[in-house]
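Student: I have a structure here, written as structure tokens, and I will follow up with some questions on it.
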Amino acid sequence: MTLTNAPVLDTPRLILRGPEPRDIEPMIAFLLDQERAAGFGASPNRGDAWRWFALNVGHWHIHGHGYFTIEDRETGQPAGITGIWYPEGWPEPELGWVVFDGFEGRGIAYEAAMRARRYAYEDLGLTTLTSNIVPGNTRSIALAERLGCWFEREYENIHMGRDYLYRHPGPDAALGRDDDGSVEAYA
């Protein structure tokens, strides 16, 4: 059952798709893990975690984008989320990512974030993106830098306090476009 109008995006190992009812339990399990979900606003109980899931569904309907479920192509299991997040109070559109427990260390977040960024620039027509990272989240900072991002500033996240804002390269740099607009290759 499809809950949103999200497109289905492919990578060699992953499928990025809109949230489905079968994603509720993996998402709730992630959000209830206070340490792992700190950068996403970890939930204190199942009800709040369920509301976060519903918030993402609503975000798709309001903005036409949101977090994709990252599905492992080989197993069909939800491996995490990535996508474009821009709720009320956010400084600007953000490319976010997280992989669920057991899916770390495989390059899944990088592969998924690269595809989501391409979607943001090519399909949504966005010209800039940020990634907002909780201070101390060294793994996300390393991934942001691997994606070509640079630290721009600190800001006060209305939900989680102090955040680092990392700036992504614009469409021409991120998509490897030549001066004539043709695409060489995707980074």
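The values are calculated or read from the model by the stated rules, or taken from the named source; none is laboratory data. The structure displayed is predicted, hence computed values, not measured ones. Virtual Cβ from ideal backbone geometry, glycine too; neighbours counted across all protein chains shown. When the accessible area is computed, the model is the full protein with side chains, heavy atoms only, and any ligands, DNA or RNA have been set aside. Shrake-Rupley method; radii C 1.70, N 1.55, O 1.52, S 1.80 Å.
Student: Give me the Kirkwood hydrodynamic radius of region 1-51 in Å, from all C-alpha pairs, to one decimal place?
Tutor: 12.2 Å
Student: With a cut-off of at most 14 other beta carbons within 10 Å, and DSSP calling the residue loop, which GluC sites (Glu not before Pro) in region 1-98 qualify? Please list them.
Tutor: Those that pass, being in a loop and sparsely packed, are Glu35, Glu74, Glu88.
Student: Would you work out if region 10-102 is rounded, prolate or oblate? Take a ≥ b ≥ c from the square roots of the eigenvalues of the alpha-carbon gyration tensor; rounded if a/c is under 1.5, else prolate when a/b is larger than b/c, oblate otherwise.
Tutor: In terms of gyration-tensor shape, oblate.
Student: Also: Taking N as the number of residues in region 57-145, what is its Cα Rg relative to 2.2 N^0.38 Å?
Tutor: After normalising by residue count via 2.2 N^0.38 Å, the value is 1.07.
Student: Counting pairs of Cα atoms in region 91-183, how many percent are more than 22 Å apart?
Tutor: 30 percent
Student: Also, I was wondering about something else. From the phi angles alone, apply the Karplus equation (6.51, -1.76, 1.60; θ = phi - 60°) to region 37-51 and give each ³J(HN,Hα) in whole Hz, x where the residue is Gly or Pro.
Tutor: Going residue by residue, I get 9, 3, x, 10, x, 3, 9, x, 7, 4, x, 5, 5, 4, 5 Hz, with x marking Gly and Pro.
Student: Next question. Run the numbers on the chain and let me know its relative contact order in percent, using alpha-carbon pairs under 8 Å that are six or more apart.
Tutor: About 15 percent, as a whole number.
Student: Just to make sure I understand: if all protein chains stay in place, what is the order of Ile81, Ile24 by accessible area at 1.4 Å, largest first?
Tutor: Most to least solvent-accessible, the answer reads Ile24, Ile81.
Student: Still on this structure: Would you mind estimating how fast the chain diffuses translationally, via Stokes-Einstein at 10 °C and 1.306 mPa s with the Kirkwood radius over Cα pairs, in µm²/s?
Tutor: Value of D from the Cα-based Kirkwood radius: 95 µm²/s.
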